[in-house]
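In what follows, a structure is listed as structure tokens, so that the remarks can point back to it.
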Amino acid sequence: QVRLVESGGGLVQPGGSLRLSCLASGSIFSLNDMGWYRQAPGKQRELVASITSGGWTNYAESIKGRFTISRDNAKRTVFLQMNSLNPDDSAVYYCNADVLTDKRSVPKAYWGEGTQVTVSS
């Protein structure tokens, strides 16, 4: 059993910042790629940013230069620092991780339940 729990969402004014965290727990042999997705009402879920176990990052064009993804492998946690937020960033943000549950398994994708980010004055 693997669990991803997000935290750090909330209401922020335009131009403000938030830092999201996602803690992975359970039967984890290794964590591969981790990432953040978001889904706004009426829209499809989209990739925001991802990071490999070695620290290589990938960002959506819409958030480049404003958001930074990082991870602490020892703590099995991935972070998303979000700066210069605007109303278009409002969405439910989901954590995603590719997890090996034992050394003979194949990676499987797990999702958190999401955390709401609302950018409004």
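The values are calculated or read from the model by the stated rules, or taken from the named source; none is laboratory data. For clarity, every value in this text was computed on a predicted model and none was experimentally measured. So basically every Cβ, Gly included, is an ideal-geometry build from the backbone, and we count neighbours across all protein chains shown. Each accessible area value is taken on the protein alone, full model and side chains, heavy atoms only, with ligands, DNA and RNA left out. Shrake-Rupley method; radii C 1.70, N 1.55, O 1.52, S 1.80 Å.
In the condition set (1) closer than 29 Å to R104 by Cβ; (2) in a loop (DSSP other than H, G, I, E, B), Y37 is compliant with all but (2).
So, L11, is that one under 12 Å from the mean Cα position of the chain (by Cα), of a type outside the set (S, T, N, Q) and assigned to a strand (DSSP E or B) or not? So L11 fails the test.
Would you confirm whether any residue within segment 56-66 is in contact with a strand residue (DSSP E or B) (Cβ under 6 Å, 6 or more places away or on another chain), closer than 20 Å to L11 by Cα and among the charged types (D, E, K, R)? No, segment 56-66 has no match at all.
Just one of the numbered conditions (1) on the phi < 0 side of the Ramachandran plot; (2) more than 10 Å from the chain's Cα centre (by Cα) is not true of A97: (2).
Could you go through segment 47-54 and let me know if any residue there is open to solvent by less than 50 Å² (accessible area, probe 1.4 Å), of a type in the set (A, V, I, L, M) and within 24 Å of L11 (Cβ to Cβ).
Of segment 47-54, the ones open to solvent by less than 50 Å² (accessible area, probe 1.4 Å) are 48-52.
Now restrict to residues that are of a type in the set (A, V, I, L, M): 48-49, 51.
Now restrict to residues that are within 24 Å of L11 (Cβ to Cβ): 48-49.
Taking every residue of segment 47-54 in turn, at least one turns out to be open to solvent by less than 50 Å² (accessible area, probe 1.4 Å), of a type in the set (A, V, I, L, M) and within 24 Å of L11 (Cβ to Cβ).
Of the residues making up segment 41-80, those that are in contact with a helix residue (DSSP H, G or I) (Cβ under 8 Å, 6 or more places away or on another chain), among the small types (G, A, S) and more than 13 Å from N96 (Cα to Cα) number 1.
Can you tell which of D89, D98 is of a type in the set (D, E), modelled with pLDDT of 95 or more and closer than 30 Å to Q13 by Cβ? First the steps, then the outcome.
Details: D98 fails: closer than 30 Å to Q13 by Cβ.
Sole residue among the options that is of a type in the set (D, E), modelled with pLDDT of 95 or more and closer than 30 Å to Q13 by Cβ: D89.
So in segment 33-46, with the set limited to residues that are within 17 Å of S90 (Cα to Cα) and open to solvent by 30 Å² or more (accessible area, probe 1.4 Å), which one is nearest to the chain's Cα centre (by Cα)?
Y37
What number of residues within segment 85-121 are hydroxyl-bearing (S, T, Y), farther than 12 Å from E6 by Cα and touching a strand residue (DSSP E or B) at 6+ places or on another chain (Cβ under 9 Å)? Full working, then the answer.
Kept after step one, since they are hydroxyl-bearing (S, T, Y), are these residues of segment 85-121: 90, 93-94, 101, 105, 110, 115, 118, 120-121.
Among the residues that remain, those that are also farther than 12 Å from E6 by Cα are: 90, 101, 105, 110, 118, 120-121.
Of the ones still in play, those that are also touching a strand residue (DSSP E or B) at 6+ places or on another chain (Cβ under 9 Å) are 90, 101, 105, 110, 118, 120.
The number of residues fulfilling the criteria is 6.
Does S30 satisfy the condition of being over 14 Å from V117 (Cβ atoms), surrounded by fewer than 17 Cβ atoms within 10 Å (Cβ to Cβ), out of contact with any His (no Cβ under 7 Å at 6 or more places or on another chain) and at pLDDT below 95?
Taking the combined requirement at face value, the residue satisfies it.
Any residue that is modelled with pLDDT under 95, farther than 17 Å from S120 by Cβ and open to solvent by less than 70 Å² (accessible area, probe 1.4 Å) - is there at least one of those in segment 4-27?
yes
When residues in segment 76-121 are screened for being of a type in the set (G, A, S), in contact with a Lys or Arg (Cβ under 8 Å, 6 or more places away or on another chain) and open to solvent by 20 Å² or more (accessible area, probe 1.4 Å), 1 of them pass.
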